[in-house]
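Report on the structure given below.
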Amino acid sequence: MSDATVLNLVLYLPVLGALALPAIPVRREDLTRALALAVMGLQFLLTAYLYARFDPAVAGLQFETRLPWIPSWGVSYQIGLDGFNVLLVLLTAFLGPLVVAGAFTAIRKDVKLFHAMVLLLQFTMLGTFLAQDLFLFYLFWEAMLIPMFLIIGVWGGERRVYATVKFVLYTAFGSILMLGAVIYLAYAAHAGSGVSSFAFADLYRTTLPVPAQTVLLAAFALSFAIKVPMVPFHTWLPDAHVEAPTAGSVILAGVLLKMGTYGFLKLGFPLFPDATRLFTPAIMTLSVVSILYGAGLALVQTDIKRVIAYSSISHLGYVMLGLVSADLLGIQGAILQMVSHGLTAGGLFLLVGMIYERCHTRELAAYGGLARILPVYSVFFMILTLAAIGLPTTSGFTGEFLVLLGAFSAAWQQYELGAVQPLALSGAAVLGVVLGALYMLRLAGRLLFGEARVPHQPVVDLALREKLVLGAIVAGVFALGLYPQEPLRKSELAARQYQELLARGVGAGGPARAPEARPPRPAGQTAGKTP
Amino acid sequence: MSHLLVWIVLLPLAGFLFNGLAGDRLGARAVSLVGCGLPIGSFTLTVAGAIALAAAGGEPRVETAFTWATVGDHSFEVAFYLDRLSVVMALVVTGVGSLIHVYSTGYMRDDPGYARYFAYLNLFLFFMLVLVLGRSLLVLFVGWEGVGLASYLLIGFWFQDPEKARAGKKAFITNRVGDAGFLLGMFVLFQAAGTLEMDRVNAVFSTGAPAGFSASLIGVLLFVGATGKSAQIPLHVWLPDAMAGPTPVSALIHAATMVTAGVYMVARLSGIYGQAPEASAVIAAVGVLTALFAATVALTQNDIKKVLAYSTISQLGLMFLALGVGAYGVAVFHLYTHAFFKACLFLGAGSVIHALGGEQDIRRMGGLARRVPTTFATFAVAAAAIAGIPPLAGFFSKDEILWFALASRSGGALWLWALAALTAFLTAFYMARLLWLTFLAPSRVDAETARHVHESPRSMTGVLIALAALSAVGGFVGVPHLLEPLLPLPEVRPGLDALETPLVLLSVLLAVGGVGAAAYVLAAGEDPAEVFRRRFPGLHRLVAGKYFVDEAYERWVTRPLYWVSDRVFLRFSDRRVLDGSLHALAALAERSAARLSRAQTGNLQLYAFLVLAGIAAGLLWSLRHV
């Protein structure tokens, strides 16, 4: 079997699984769960295999499949792995089995439908990452909404209807703008080159006039910014999180939010380099606002889940900051921060789910001193808290450090050219590390320390299944914290390609941030080790 | 051994993993054996490293463990570095650290969290060694944050008491504020030097700061981090609260080792600070002001550990004073002697608290000299050492600080010396008060407690004796001289050479005078703090209230932060403005839909007309545009 076939298998396995579900008798919920878990597990193993085979020294697509689909429009079925998506695909496949295993006891209603939805969601998310054709990308992007809508709407909490409507309206609004932009973009690309194509690679080669770029980027950016979410397009997120079942929250925080940042990384910024330069000050400002504003909101929440929901806004602000810095350190940091946030926020939502299953409330005030009653639970909670804070040796530190260093490096160079604003903003972003510690330690402290208190007796500590799920996440957190070298190598060429794409465009002379524009360093320069 | 440094670092980590994962199941004996054995192993290896270093004539030893991350041209490596400076630190950390581990086997014997305690203590030692031995500022920062974590966990070790858990959080957050500055300093430094490896950084700065960069800016930003970790004004507020942790923790982390990390960092980067006169002036000023400020507070405290905590802040201030006037080696000298006598004092306090069944208020102590003689004797030696009585260790190091505060050509000044001298006097004074009220004054211990007073087990007294001995003779090791090839002492201002001997005499006089003045008041049966309160009630309130710094932060930082987050961000902006306009939009859509639905009259003719009109409009538009 060729690697390209394996990649297709990875993509369609969840669909096969979902199709096989009806064959299982309704009463056999255990078989349903086992099947879903097996499918997800296999999918992860195959993805890990592809990840290992992925050659970091090769630029562009690997394991590519390209078939004509709607030739008259220039639409093709094209998927493949590259440095942009390889880590996110791995993350998605990694979280898949954990989501299923985490929901073993939580989901009691319509078990089959639930697993079908989780599998379909997995399919659409992977499709979105893997798609290399804008048309295909858009289809997956839209399709993703449906299973998520159902997961929150059917298995959600009390105010689930409000939450789903808000979630769908927000994202659908963004999607409509994006649809318009996609059509216009294909039309303009055709007008420019005479060739009809939706392939990203072809679109990268088109350069549109600046006004067109501006309009298009505005549409794309709004759609992506809602998904990230960036302040002020974020108010759907806490409601969606709070009402979603644990599995929904984990997928939402773990993978779905990265669609927005991935969209910026793969499409928004590289397709419209001139417009990106115009937008950069605004996006950078919003990123820093998101970091601080999200942290401030997380600080005053009384619902455990809301704290983590708002912290996502703050953490994804770092990702955006790294992306707009256009500095290699910042871009690489942003990619790593995406994966790291997927692990830490996903893990924390799992932990919230586990305590909710036991005590049926998410009110922070109802708890205290869990470190005494649930010691194993508390150790996991503490580790993931520290990872969210960005303590060195955890993945959170790697991401935050590289992003902040990259953003600062870029800002310093602009400062030398006379611009103060980026420097002030990247300096302000560093305050996020203080606020992050404040809200996370407030949460962990109230939950774990103090007088032992739970709203529901008796509570039992984690079962083996739960320990394994969390153990896997913690292993990932430390792997990225202690040895990020390996994943960083896989994405380095893509990060460079992103830089080059940003540096092109009709704006004369390219941006000040082109990689070769760096002034020579004084002594102490370390030799490049990249292949 | 080719990976000597790696092993020094890894042994305590192995202890952490062992005790953390399996300690509870294997029993106290295994926990003590591993928990103390591995640190002692690290100490032994460090001694071997020191011998090898001496044999190599001080040539630094570099070990690269692995490459953490490579991004473009930048490679961040995890490498360890042993030179004259880091070897002194590593010896102090593993040496005093091992002693305190041993002491803990007695002190924590009956605690249900025994294994967890040793796991945390080993974790601390691991991160502290990463901090000390790291070659790059990034690796140092990993240790820097890591010791902060261990400190957080150990301050809140008895986490069921919300007060203690809160103290841990306060320490972490305050340190994070400093770390934000530290990160910024690191970022600017990275722009300037293109590397974070400290030996290379020092080399880059040896000929002045790179063009377009200010060494003082970098220096001040990094020093912000040091004010957090080393509890200097204005980020000192966490250290007194940190006394909530077990007393051996206060001795190891909050007196002897972790809090000196800021001092070590500045000395490590002397290449930068040597080119940064403004930053150095800031450090000297902050140091001496902190020293004096904390010494005055120490006068008024009645909790035995709080007195020692403020004393630590004060002594750290003196170390920064030395750094600020370019006497890096002298600062490290005081760091080294301070580690002995302050660890001894804290552990002695622990022994007293142990003997009194948890009592910490010196107003309810007294007369313990005969009941716990070993504790008393060792405490007395250490107290005399910190007071600066010759020829004990503290005398040598403090005297040199005073001398360079006045005489250094790089920033020495009369006012620095005067404030430092006043601090030295106050130090002798409050230590005499502490010693008297605890051990010598008539007993104020209640009868029930008094019956149970007992000397501590040998695991504890043995450590006290060892530390007291080091406090007594440690000053004869000329640390500044050993470090001189790496950290040359500053030149002396012209015309001051003749003052050196008279100033030595003056420092002796200050120490003796401080003790004497305290004795004068105490002999009359009065507590000097009481006298102070009676004579100057207003001033006493200010000093005993720790100058109300905590209250100011609460009022001007914490509460506004929560207020803005809650009222402005959450209630106003998120709910009113954003969600409010969304809901308004939704309501509008609903209303217009209701109105539009009136167009659905059921009249077929109207529908047909509308359809035709639509088609016509579409055709017209496409004729115009295509």
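Bear in mind that the values in this text are calculations on the coordinates, not laboratory data. Source: prediction; values computed, not measured. A quick note on method: Cβ atoms are made from the backbone with ideal geometry, for glycine too, and the neighbour counts reach across all protein chains shown.
Add +1 for every Lys or Arg and -1 for every Asp or Glu among the other residues with Cβ under 15 Å from the Cβ of A:G260, and state the total.
Net of charged neighbours comes to +2.
Can you tell me the 0 to 90 degree angle between the C-alpha axis of helix B:114-133 and the longest principal axis of chain B, rounded to 10?
Compared with the principal axis, the helix lies near 90 degrees.
Quote the relative contact order of chain B in percent (integer), defining contacts as alpha-carbon pairs under 8 Å separated by 6+ residues.
11
Sort A:200-206, A:289-295 by packing, meaning the average of other beta carbons within 10 Å per residue, with the highest value first.
A:289-295, A:200-206
What are the ³J(HN,Hα) values, in whole Hz, obtained from phi via the Karplus relation 6.51 cos²θ - 1.76 cosθ + 1.60 with θ = phi - 60°, for each residue of region B:83-95 in sequence order, with x given for Gly and Pro?
Result, rounded to whole Hz: 9, 4, 6, 5, 6, 4, 4, 5, 5, 4, 5, 6, x.
Which lysines, on any chain, are close to A:K490 with Cα under 23 Å apart, when same-chain ones fewer than 8 places away are left out?
Excluding near neighbours in sequence, the set is A:K258, A:K266, A:K529.
Compute the helix-to-body angle for B:604-625: its Cα long axis versus the longest principal axis of chain B, expressed 0 to 90° and rounded to tens.
Helix B:604-625 sits at roughly 70 degrees to that axis.
Would you list, by chain and number, the aspartates and glutamates whose Cα falls below 13 Å from the Cα of B:K229, excluding same-chain residues fewer than 8 positions away?
Candidates past the 8-residue exclusion: B:E145, B:D179.
Just name one of B:G545, B:T105, B:L91: the one whose Cα is farthest towards the positive end of the charge dipole of chain B (beta-carbon charges, Lys/Arg +1, Asp/Glu -1).
B:G545
Within a 10 angstrom radius of the beta carbon, how do A:H241, A:H456 rank from fewest other beta carbons to most?
A:H456, A:H241
How much mean residue ellipticity at 222 nm does chain A get from its helices, if each DSSP H run of length 4 or more adds -39500 (n - 2.57) and you divide by all residues, to the nearest 500 deg cm²/dmol?
-23500 deg cm²/dmol
In deg cm²/dmol and to the nearest 500, what is the mean residue ellipticity at 222 nm of chain B if only DSSP H runs of at least 4 residues count, each as -39500 (n - 2.57), divided by the residue total?
Taken over chain B, the calculation gives -22500 deg cm²/dmol.
Return the aspartates and glutamates within reach of A:K166: Cα separation strictly under 15 angstrom, same-chain partners fewer than 8 residues apart disregarded; answer none if there are no such residues.
A:E158, A:D239, A:E243, B:D574, B:D579, B:E590
So how do A:T276, B:T312, A:T235 line up by other beta-carbon neighbours within 10 Å, fewest first?
A:T235, A:T276, B:T312
Rank the residues B:S408, B:S214, B:S32, A:S76 as a footprinting-exposure proxy: fewest other Cβ atoms within 10 Å of their Cβ go first.
Neighbour counts put them in this order, fewest first: B:S214, A:S76, B:S32, B:S408.
Across peptide A:407-416, what mean number of C-beta atoms from other chains lies inside 10 Å of a residue's C-beta?
Partner Cβ neighbours, averaged per residue: 3.
Show me the ranking of peptides A:82-90, B:558-566, B:600-608 by mean Cβ neighbours inside 10 Å, starting with the highest.
Ranking the peptides A:82-90, B:558-566, B:600-608 by packing returns A:82-90, B:558-566, B:600-608.
Got a sec to turn the phi values of region B:166-177 into Karplus ³J(HN,Hα) couplings, 6.51 cos²θ - 1.76 cosθ + 1.60 with θ = phi - 60°, whole Hz, x for Gly and Pro?
Using θ = phi - 60°, the values come out as 5, 4, x, 5, 4, 4, 5, 5, 4, 5, 5, 4 Hz.
Mind checking the mean number of beta-carbon atoms from other chains within 10 Å of the Cβ atoms in A:291-297?
Average neighbour count from other chains, rounded to a whole number: 4.
Where in chain A are the DSSP H helices whose C-alpha atoms run 30 Å or more along the long axis and whose mean Kyte hydropathy is at least 1.0?
Correct list, ordered by number: A:160-193, A:273-299, A:304-325, A:328-359, A:421-448.
Using only atoms on other chains, find how many Cβ atoms lie within 10 Å of each Cβ of peptide A:233-240 and report the average.
2
Using amide H atoms built in the peptide plane, which far-off residues or other-chain residues are under 5 Å from B:F80 H to H?
Amide H to amide H, under 5 Å and 5 or more residues apart or across chains, B:F80 pairs with B:E63, B:T64, B:A65, B:R135.
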